[in-house]
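What follows is a short report on a single structure.
The values are calculated or read from the model by the stated rules, or taken from the named source; none is laboratory data. The shown structure was predicted, so the numbers you read here are calculated from the model rather than taken from an experiment. Every residue, glycine among them, receives a Cβ derived from its backbone with ideal geometry; neighbour counts consider all protein chains shown.
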Amino acid sequence: MFEQLQTRLGGILNRLRGRGTLSEAEVEQALREIRLVLLEADVNVKIARDFTARVREAAIGQEVWKSLTPGQQVVQIVHAELVRLLGETHRALTPAPQPPTVILLAGLHGTGKTTTAGKLAAHLKKRGRAPVLAAADLSRPAAVRQLEIVGERAGVTVVSPVPGEDAVAVARRALVVCRDRVADTLIVDSAGRLHVDDDLVAELARIREAVAPHYTLLVLDAMAGQDAVRMAEGFHAAVPLDGVILTKLDGDARGGAALSVTATLGVPILYVGTGERLEALEPFHPDRMASRILGMGDVMTLIEKAQEQVTVDEARELERKMRRAEFTLEDFTKQMRQVRAMGPIDQVLAMIPGFSARRAGLPGGGEIDERALGRIEAMINSMTPGERRHPEVIDGSRRRRIARGSGTTVQEVNRLLRQFTDAKKMLKQIEQLGRRAGRGAGRLPTSLEP
Ligand SMILES: Nc1nc2c(ncn2[C@@H]2O[C@H](COP(=O)(O)OP(=O)(O)OP(=O)(O)O)[C@@H](O)[C@H]2O)c(=O)[nH]1
Ligand SMILES: [Mg+2]
């Protein structure tokens, strides 16, 4: 996520952070660099200028050059201003007093409306809500089918058009279905257009009139950068929006859309999409996003994801084992499966402060796949119970036997054993982080490094 922005900003701030003294001119120089980095990330010119102006003002107001840790203070100011730019606080979708809460998803072609409808339904269902999806996109036959498929995956009812029904009629009937089935949330998927044109605006207006949405959310493709934000302005002028869902943050989006959209539209980002999978939707937290952009990781999101995968008992058992150094190769496979279920490994690792999959030399795009995991399990199965508990006894001849038994190579066995040792170290770190975050949740770490 925003790799380049992270690297460049991280570089500038790291340079400042270590400094015992800092002159006004040096701060000025850093601000010029920051503005340039923002522009390169496709942030709107005026927003980039205002941003650095506010950082400058705060730096002057706090007389940072007189401070004992001037660099550190500048980093904190930049962080605070980033949080502000991203919308200050997390906004949740609050249920309407009179259910169902109606959410209308709108946006241009291919921005991710249908996918997001399914993700949002799955997300809300996991949190105890009862959502229904309405297929109010009749622009092409495949659109309805696509929503039916994601709805099936999410395990929620999809209301599709019957012959003779138009988008408005489907949406209206879906409201009735919600009442019949005591569903508390209706998510309406709408048709995309190439541009914000009269057709689009008229259709959305008619749907809005029919179902009176509590939330009209713009689904915005982050890859489109500033163009997307300009388009969003036109959209907001024609159809009043209550919020934005920013999609495709897993791609090589430069960050401009994320950093500009809230300031431009004056509406919050509610969720971000981080992949094509049903689970790849995260509630948006400005402070966590700012930390990620500054390379400080996002321990809170990591912990929340981990909590979805591991039961309290399992976590306690693991902690006990790690403390007593009883953590075995069997636990290792189980851990790997759980970490994998949290999302593509590079994305998961990026949430650890100071960690980046790229820097660790890991492949991006979740390339640590099922097949590799299968080979690792085969190797572990070829070990004796004693070897699994005490891998340090596995010498050269045992390694050859394990490779033969599992149809792998000695190199792979070597790599596995090395990974196991590294994983032990890393799990200890994660656990420590978790304990630290549990105490001072959401507080700004004092350093950019772990
Ligand atoms: N990588 C990535 N791909 C996404 C994300 N969200 C959606 N996509 C992909 O984007 C493509 C378009 O998604 P759709 O959900 O069909 O978009 P849409 O807005 O409904 O498109 P129309 O109905 O044609 O306007 C699909 O290939 C999705 O898998 C995301 O967060 N990350
Ligand atoms: Mg669609």
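Looking only at the stretch 176-217, which residues are within 16 Å of ligand 1 (Cβ to nearest atom), within 13 Å of residue 134 (Cα to Cα) and not in a loop (DSSP other than H, G, I, E, B)?
Kept after step one, since they are within 16 Å of ligand 1 (Cβ to nearest atom), are these residues of the stretch 176-217: 187-197, 199-201, 203-204, 207, 216-217.
Imposing the further condition that a residue be within 13 Å of residue 134 (Cα to Cα) reduces the set to 187-191, 207.
Passing the criteria: 187, 188, 189, 190, 207.
Residue 402 - would you say it is in a loop (DSSP other than H, G, I, E, B) and either of a type in the set (A, V, I, L, M) or at pLDDT 65 or above (or both)?
So residue 402 does not fit the description; no.
Within the stretch 107-140, work out how many residues are assigned to a loop (DSSP other than H, G, I, E, B) and of a type outside the set (A, V, I, L, M).
Looking only at that region, the number is 11.
Filter the stretch 213-267 down to residues that are acidic (Asp, Glu), in contact with a Ser or Thr (Cβ under 8 Å, 6 or more places away or on another chain) and farther than 14 Å from residue 107 by Cβ, then give me how many there are.
In the first step, residues of the stretch 213-267 are kept if they are acidic (Asp, Glu); the result is 221, 227, 233, 242, 250, 252.
When the remaining residues are screened for being in contact with a Ser or Thr (Cβ under 8 Å, 6 or more places away or on another chain), the result is 221, 233, 242, 250.
From what's left, farther than 14 Å from residue 107 by Cβ: 250.
Residues in the stretch 213-267 being acidic (Asp, Glu), in contact with a Ser or Thr (Cβ under 8 Å, 6 or more places away or on another chain) and farther than 14 Å from residue 107 by Cβ: 1 in total.
Kindly indicate which of 57, 88 is more than 30 Å from residue 167 (Cα to Cα) and part of a helix (DSSP H, G or I).
Going through 57, 88 in turn, just one is more than 30 Å from residue 167 (Cα to Cα) and part of a helix (DSSP H, G or I): 57.
Cβ-Cβ under 6 Å, sequence separation 6+ or interchain: first residue in the stretch 211-224 and over 12 Å from residue 249 (Cβ atoms) and aromatic (Phe, Trp, Tyr), partner more than 9 Å from ligand 1 (Cβ to nearest atom) and part of a strand (DSSP E or B). Which pairs?
These pairs meet every condition: 215/103.
Quick one: count up the residues across the stretch 118-133 that are within 19 Å of residue 176 (Cα to Cα) and either free of Cβ contacts under 8 Å to residues at least 60 places away in the same chain or within 12 Å of ligand 2 (Cβ to nearest atom) (or both). Explain how you work it out, then say what you get.
Start the filter on the stretch 118-133 by keeping residues that are within 19 Å of residue 176 (Cα to Cα), which leaves 121, 129-133.
Checking the rest, the ones that are also either free of Cβ contacts under 8 Å to residues at least 60 places away in the same chain or within 12 Å of ligand 2 (Cβ to nearest atom) (or both) come to 129-133.
So the answer is 5.
Looking at the stretch 36-58, I want the residues that are more than 14 Å from residue 80 (Cβ to Cβ) and have a partner that is assigned to a helix (DSSP H, G or I) and of a type in the set (Asp, Glu) with Cβ atoms under 9 Å, at least 6 apart or on another chain. Which pairs are those?
42/227
State the number of residues belonging to the stretch 158-167 that are among the β-branched types (Val, Ile, Thr) and surrounded by 18 or more Cβ atoms within 10 Å (Cβ to Cβ).
Residues flagged as among the β-branched types (Val, Ile, Thr) and surrounded by 18 or more Cβ atoms within 10 Å (Cβ to Cβ) within the stretch 158-167 amount to 2.
Mind telling me which of the residues 84, 56 ends up being modelled with pLDDT of 90 or more, within 15 Å of residue 292 (Cα to Cα) and surrounded by fewer than 20 Cβ atoms within 10 Å (Cβ to Cβ)?
84
Does residue 440 satisfy the criteria of being exposed (fewer than 13 other Cβ atoms within 10 Å of the Cβ), over 22 Å from residue 341 (Cα atoms), out of contact with any Ser or Thr (no Cβ under 7 Å at 6 or more places or on another chain) and at pLDDT below 85?
yes
Just to be sure I understand, how many residues within the stretch 9-36 are outside any helix (DSSP H, G or I) and surrounded by 18 or more Cβ atoms within 10 Å (Cβ to Cβ)?
Residues of the stretch 9-36 outside any helix (DSSP H, G or I): 18-23.
With surrounded by 18 or more Cβ atoms within 10 Å (Cβ to Cβ) added as a condition, the list becomes 22.
So the answer is 1.
Residue check, residue 322 against (1) surrounded by fewer than 17 Cβ atoms within 10 Å (Cβ to Cβ); (2) modelled with pLDDT of 65 or more, all met but one. Which one?
Residue 322 satisfies all of (1) surrounded by fewer than 17 Cβ atoms within 10 Å (Cβ to Cβ); (2) modelled with pLDDT of 65 or more except (2).
How many residues does the stretch 247-278 contain that are polar (S, T, N, Q), more than 10 Å from ligand 1 (Cβ to nearest atom) and buried (at least 24 other Cβ atoms within 10 Å of the Cβ)?
Number satisfying all stated conditions: 1.
Please verify whether residue 158 is in a strand (DSSP E or B), touching a residue at least 24 places away in the same chain (Cβ under 8 Å), under 30 Å from residue 237 (Cα atoms) and not acidic (Asp, Glu), treating the condition exactly as stated.
no
State all residues of the stretch 136-160 that are more than 23 Å from residue 274 (Cα to Cα) and in contact with a helix residue (DSSP H, G or I) (Cβ under 6 Å, 6 or more places away or on another chain); if no residue qualifies, say none.
136, 137, 138, 158, 159, 160
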